[in-house]
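Asks: There's a structure below that I have some questions on.
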Amino acid sequence: MKIRNILFAVTVTFVLIAVPAVQAQIRVTKAATDFTRNPTLTFNGISGSSGASAAMESFLRACGWFDVGGANSDLEISGSLSGGTMNVVVKQNQAQVMSMQVPVSGSDYRSAAKRAVDAILKKLFKIDGICNSRIVFCGQNGVGYKNIYITDIDGKNVKKITRFRSLCVEPEWFPDSNSIVYTKYNKSTTDIVQTMLSPRRSRRLASYPGTNAGASISPNGKYLALVMSKDRQVELYVKAVAGGAKRRLTHDNAVEASPCWSPGGGTICYVSDRTGRPQLYLISANGGKSKHLATVGGSSVTPAWSHNNEIVYATKYGPNYIIARIDLNGNRPSGPIVRAAGNWESPSWAPDNRHVVCSRTLGGKSSLWLIDTWTGKTRCLLQASTSLSMPAWSRNRP
């Protein structure tokens, strides 16, 4: 809950063929610690299937690790579809770096393309991939209604998850990437609800009198960090997902909101207005004294904590909200990432620890945007006739 508003069914396997004569030497180009550019890529298509070609190109572009262009590139990718198998070859300087055979179920080219591109990312950049993750978000359905949707990372395959005539907001993923937790507004209270995507079923996780909101799931999937007003004051709690055991972490007259977990699950970052305006704080998941985090701008809200120990957040910077970063490792400068026009809010990390999805409001309507935190480049992921907001990125599914 924002303080500013309160006050796959088919498993695909690979055959990867190593080419020992050539070692993959593709890296992002850096000067000192500053990222400068992606490797350039020529994609020659998948012969025998326009559908497979379109799917591969879509995810090669969407993953954000290549600049897909014309000839004379750092990399060249081509392939063919034959007998239900997609054959993909990656070359660097005309020498083969890797090849793979990806089974295709019927015409499900998108699933095969996701797996193929993730395998390429693993080989070239030593990251676990991003294409088989998904993004959950809120979509406005008329005045006073918002429901939960999911989309693939290229902004396609959008699916509506909830169908309530109420507000469903603040969605977050469980670590298994098959369940979503969100805040559902009732007539006089709010509940924390979990919805499993397959098989589809839902249950309440917190429905105490008053406010139950802003739930975030611990990395092991066993605990919720959330804010509740069961004691007539909006405070930060940790609650077991299974059962009613809970622990109150804050004891003050301030309003707390937007908790998120550290990668190891021992610390929670949250928002509090104890100083008169929303700021970021850290506290042990077992309780104790809070520590203030220095941020840029004015009011700082909606933090998100990456697996490599960086926090992104939205902060008031002049007349608008921007996205800024805190590198707790000290490897990168802390400060603004993007300061383009509009209000940038509700950031969430991709599983590659490089890209962020957030909402951007222009002209009174919000859409979903992607930010490359290494370069500061942005691009629109998804827009609609109504506002889209509060995105959250899942882990990459196996």
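The values are calculated or read from the model by the stated rules, or taken from the named source; none is laboratory data. Please read all numbers here as calculations on a predicted model, not as lab measurements. All Cβ positions, glycine included, derive from the backbone under ideal geometry; neighbour counts span all protein chains shown.
Asks: Only one residue in W374, W369 is assigned to a strand (DSSP E or B) and either modelled with pLDDT under 95 or closer than 21 Å to E172 by Cβ (or both). Which one? Don't jump to the end; show me each part of the working.
Replies: Numbers: W374 fails: assigned to a strand (DSSP E or B).
Going through W374, W369 in turn, the sole match is W369.
Asks: Another question, then. Can you name the strands (runs of 3 or more DSSP E) wholly within region 167-272 that have at least 3 residues being of a type in the set (S, T, N, Q) and on the phi < 0 side of the Ramachandran plot?
Replies: Numbers: elements: 168-173, 179-185, 190-196, 201-206, 212-217, 223-228, 235-240, 246-248, 256-261, 267-272.
Output list reads 190-196.
Asks: Right, another one. Out of region 63-107, which residues are assigned to a loop (DSSP other than H, G, I, E, B) and surrounded by 16 or more Cβ atoms within 10 Å (Cβ to Cβ)? Spell out how you get there, then give the answer.
Replies: From region 63-107, those assigned to a loop (DSSP other than H, G, I, E, B) are 63-66, 70-74, 83-84, 93-94, 104-107; that's our starting set.
Within region 63-107, C63, G64, W65, F66, S73, D74, V104 qualify.
Asks: Evaluate the following for D191: is it of a type in the set (D, E), assigned by TED's automatic domain parsing to the domain that holds N286 and either over 18 Å from the mean Cα position of the chain (by Cα) or buried (at least 19 other Cβ atoms within 10 Å of the Cβ) (or both)?
Replies: So D191 passes the test.
Asks: Considering only residues that are buried (at least 17 other Cβ atoms within 10 Å of the Cβ), touching an Asp or Glu at 6+ places or on another chain (Cβ under 8 Å) and of a type in the set (S, T, N, Q), which ones fall in region 304-333?
Replies: The answer is none; no residue qualifies.
Asks: Would you be able to say whether some residue in region 293-311 is touching a Cys at 6+ places or on another chain (Cβ under 9 Å), part of a loop (DSSP other than H, G, I, E, B) and more than 25 Å from K365 (Cα to Cα)? Before the answer, list the steps.
Replies: Filtering region 293-311 for residues touching a Cys at 6+ places or on another chain (Cβ under 9 Å) gives 293, 302-305, 311.
Then keep just the ones that are part of a loop (DSSP other than H, G, I, E, B); that gives 293.
Now restrict to residues that are more than 25 Å from K365 (Cα to Cα): 293.
The answer is yes; a qualifying residue exists.
Asks: Scan region 242-291 residue by residue and report those that are of a type outside the set (S, T, Y), buried (at least 20 other Cβ atoms within 10 Å of the Cβ) and in contact with a Gly (Cβ under 8 Å, 6 or more places away or on another chain).
Replies: L249, A257, P259
Asks: Please verify whether region 155-162 includes one or more residues that are hydrophobic (A, V, I, L, M, F, W, C) and touching a helix residue (DSSP H, G or I) at 6+ places or on another chain (Cβ under 7 Å). Outline the logic, then answer.
Replies: Kept after step one, since they are hydrophobic (A, V, I, L, M, F, W, C), are these residues of region 155-162: 158, 161.
Those still in the list that are touching a helix residue (DSSP H, G or I) at 6+ places or on another chain (Cβ under 7 Å) too: none.
No, that holds for no residue.
Asks: Taking region 146-166, which residues are part of a loop (DSSP other than H, G, I, E, B) and of a type in the set (S, T, Y)? Even if it seems obvious, please write down each step before you answer.
Replies: At the first step, the residues of region 146-166 found to be part of a loop (DSSP other than H, G, I, E, B) are 153-158, 161-166.
Passing the criteria: T162, S166.
Asks: Looking at (1) in a loop (DSSP other than H, G, I, E, B); (2) under 19 Å from N38 (Cβ atoms); (3) out of contact with any Phe, Trp or Tyr (no Cβ under 9 Å at 6 or more places or on another chain), can you tell me which one I127 breaks?
Replies: Of everything listed in (1) in a loop (DSSP other than H, G, I, E, B); (2) under 19 Å from N38 (Cβ atoms); (3) out of contact with any Phe, Trp or Tyr (no Cβ under 9 Å at 6 or more places or on another chain), I127 misses just condition (3).
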